[in-house]
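Just below is one structure, and these are the notes that go with it.
The values are calculated or read from the model by the stated rules, or taken from the named source; none is laboratory data. Keep in mind the model is a prediction, meaning the values are calculated, not measured. For neighbour counting, all protein chains shown are included, and Cβ atoms are generated from backbone atoms with ideal geometry for every residue, glycine included. Only protein heavy atoms, including side chains, enter the accessible area calculation; ligands, DNA and RNA are left aside. Shrake-Rupley method; radii C 1.70, N 1.55, O 1.52, S 1.80 Å.
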Amino acid sequence: MAKVFSIVRVLTIVFFFMALLGMYYDLNLYSKGLVIYFDANQKPALSTTSNVVFWVGTGFILLLNGLAVALKNLFHALPRQALKTFTPNSDFWLKNEESRDHYYAVMDTWLMTFIGVLNMFLVFVVLKMWRMNRALKGEITEYRLLTVAAVVIIVFFISYIFVRFRIKKYDVV
């Protein structure tokens, strides 16, 4: 399952770059400025260049996904005693080689899914900025739903992994 979600994570990176490149190309046809949001009078309240958005977005997505892969590799490299300190029911999850394989499968799947969802979230942020710049209107409050979604996603995924390791079952349906 972790391999499937790793592929999905890579696909979400591709979707992100497609959206980012589409926005970059489309908005550079009209001007060099990119508005993050408009004020109540529909005047640009916060703006930057599309080059800055492109390179910051590219750097952020590559850094986020690079850290995810590094964290995955770190979990595999940690000794069993270190894993015991922060794993609920560590006597069940880390008792032998087979149970550790299940532990790593759960962690890898969780991490790749979490990063894939965050990648997709960033796609929606780029699409929102693109739509606002095409329409030449949109206030900061339009990002409210995306902000709430980000908080819910992060809280859900972080709480899920703690709950998941409290369950003494390898496969949860």
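For K84, project a label point 7 Å along Cα to C-beta. Then give me every residue of the stretch 101-145 with its amide nitrogen under 15 Å of that point. Label zone hits: none. A full extension of the chain between D39 and I158 corresponds to an added length of 39.4 nm, given 0.36 nm per residue minus the alpha carbon distance. Our coupling estimate for the stretch 54-59, obtained by passing each phi through the Karplus curve with A = 6.51, B = -1.76, C = 1.60 and θ = phi - 60°, is 4, 6, 5, x, 4, x Hz, Gly and Pro reported as x. For K128, the lysines whose Cα falls under 21 Å of its own Cα, not counting residues fewer than eight places away in the same chain, are K32, K43, K137. The modelled label-to-label distance between A77 and N51, using points 7 Å beyond Cα along the C-beta direction, is 3.7 nm. The C-alpha atoms of the chain define a longest principal axis, and helix 2-28 lies at about 10 degrees to it. Report in % the part of the accessible area of the chain that belongs to carbon and sulfur, leaving out ligands and nucleic acids; probe 1.4 Å. Its accessible area is 70 percent carbon and sulfur atoms. A 1.4 Å probe, protein heavy atoms only, puts the accessible area of M23 near 0 Å².
For the stretch 74-166, what D do you get in µm² per second when you plug the Kirkwood radius from alpha-carbon pairs into Stokes-Einstein at 10 °C and 1.306 mPa s? Can you show the working numbers first?
On the way: Rh = 15.7 Å.
Reported coefficient: 101 µm²/s.
From largest to smallest, the equivalent ellipsoid semi-axes obtained for the stretch 1-100 from the alpha-carbon gyration tensor read 44, 16, 11 Å. Length gained on full extension, V10 to F60, computed as 0.36 nm times the residue gap minus the Cα-Cα distance: 16.5 nm. Overall shape of the chain was characterised from the C-alpha gyration tensor. The equivalent ellipsoid obtained from it has semi-axes of 40, 16, 12 Å, in decreasing order. Average accessible surface for the chain: 59 Å² per residue, computed with a 1.4 Å probe over protein heavy atoms with every protein chain in place. Computed log10 I(q)/I(0) for the stretch 71-113 at 0.25 Å⁻¹: -0.89, from the Debye equation with unit scatterers placed on every C-alpha and solvent omitted.
The angle between the Cα long axis of helix 144-164 and the longest principal axis of the Cα atoms of the chain comes to about 10 degrees, rounded to the nearest 10.
The stretch between K169 and D91, if pulled fully straight at 0.36 nm per residue, gains 26.8 nm over its current Cα-Cα span.
Close amide H partners of T49, meaning residues 5 or more places away or on another chain with modelled amide H under 5 Å apart, are L34. This model, with +1 at the C-beta of Lys and Arg and -1 at the C-beta of Asp and Glu, gives the stretch 25-130 a dipole about its Cα centre of some 220 debye. Backbone amide hydrogens, once placed in the peptide plane, bring Q42 within less than 5 Å of nothing, excluding anything fewer than 5 places away on its chain.
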